[in-house]
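Undergrad: Here you go, one structure.
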Amino acid sequence: MRDGFESYRTELEGVRLTAESKDALKASLRSRARENGPARRTRRLSAGVGRGIAAAAVLCLLSAMTAATVAAVGDPSLRGIISGDSAGYDQSSGIIGRSIEDGGWTVSITDCVGDESYCYIGVEVEAPEGTVLDGDYYLMNAEFDSDMLHKGNGGGRDSLLRPLPDDDPTDNKVRMVYTWSELGAGLSGARVRLRLTNFYEQLDYDWEEHDWNKEYLCYGQWDFGWMTVNFADNVRHIPLEEDLPIEGGDGLLLVDEVAVSPLGVTFHFANKPWYVDWCEQWFDPMLEETVSVLDVDGNPLPVYCDRSGQDVDAGKAYRDYGKVGIYAGWTCYYRFGQRQTDYPRKGNFMVVDVSRIAALNVGGVTVPLQ
């Protein structure tokens, strides 16, 4: 499939298409995929997997070609859905471009956005012509694998598929995002496998059955096989001349590493006392009250703490300071955007042009990020 994608890329490099010719090309490719696809389509869960088609690669390439500061209408990439800067998307994204049709339903893996700890994979579902997907919460079952699983600092958590806001509830398309984290592992170039099955609308919660009620619209399988997520090496590690002590940390809480990417800011404590009262009464409130990230004009950017925890593989021995146990290190991962409090949650994240990210405040200490 990659060979086919590269050949289309070569042919299209010198071509500037009008909106009408792009629509005609998309229609032609979809028609060809239907003609060349398997003769037998199935809606049964146990039946064979639909065949991959190269058409989505061209569609994604066209979307990338036409993307501007504001996403083009109908852009299937994550650019048109996520909030933040177009430059932030460019600094953190890459095209994947795979598509499979099964039973008249086409599922495409469009693109990815990520940094060394987080990866977001865009998914578009297109129902048969004439179907209107105007529900509130569509999902699919997802199976995921990667050669980078469990190679991060307590990673692999929050690995799931979520729907994205629908920019046109009157059409036959919806978008989703698969979110995956391997903290500090370095995810660009990772090999991943994503298998999706059974498209449904999630309804209300059944408290007796302890599960969500679902209305299935399509039983099928879309196995995309192994693919590579490639995006720019966009993490900038900020050099510190010396460890920065946090006021009120009993002289034991030292910031020794800070990193910034279009997706957020990460900072690391060289050590951290751990006992319940200390965390509840000082450490957690300190983070809540003092952490902020400022842009070049001094305005706060929206951030929230997505992860905060002990380094599980820091390679440093546990140290005993008598009354207080000191862990080898503690890392806080702050993401740009607003923390979601509603449930069930939809995919929501933000990217920011790294040239706009100017400073980190934590515990009374200001760290310049430029």
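The values are calculated or read from the model by the stated rules, or taken from the named source; none is laboratory data. The shown structure was predicted, so the numbers you read here are calculated from the model rather than taken from an experiment. Cβ placement follows ideal geometry from the backbone for every residue including glycine, while neighbour counts extend to all protein chains displayed. Accessible surface areas use protein heavy atoms only, side chains included; no ligands, DNA or RNA. Shrake-Rupley method; radii C 1.70, N 1.55, O 1.52, S 1.80 Å.
Here's the yes/no breakdown for (1) farther than 30 Å from Leu369 by Cβ; (2) without any contact (Cβ under 8 Å) to a residue 40 or more places away in the chain:
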site: Leu187; (1), (2): no, no
site: Arg191; (1), (2): yes, no
site: Leu196; (1), (2): yes, no
site: Phe199; (1), (2): yes, no
site: Asp211; (1), (2): yes, yes
site: Gln221; (1), (2): yes, no
site: Phe224; (1), (2): yes, no
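Undergrad: What are the residues in the range 194-234 that are open to solvent by 70 Å² or more (accessible area, probe 1.4 Å), assigned to a loop (DSSP other than H, G, I, E, B) and of a type in the set (A, V, I, L, M, F, W, C), if any?
TA: Hit for the range 194-234 is Trp207, nothing else.
Undergrad: Given the structure, is Gly88 in a loop (DSSP other than H, G, I, E, B) and either in contact with a Phe, Trp or Tyr (Cβ under 9 Å, 6 or more places away or on another chain) or modelled with pLDDT under 95 (or both)?
TA: Spelling it out, it is not the case that Gly88 is in a loop (DSSP other than H, G, I, E, B) and either in contact with a Phe, Trp or Tyr (Cβ under 9 Å, 6 or more places away or on another chain) or modelled with pLDDT under 95 (or both).
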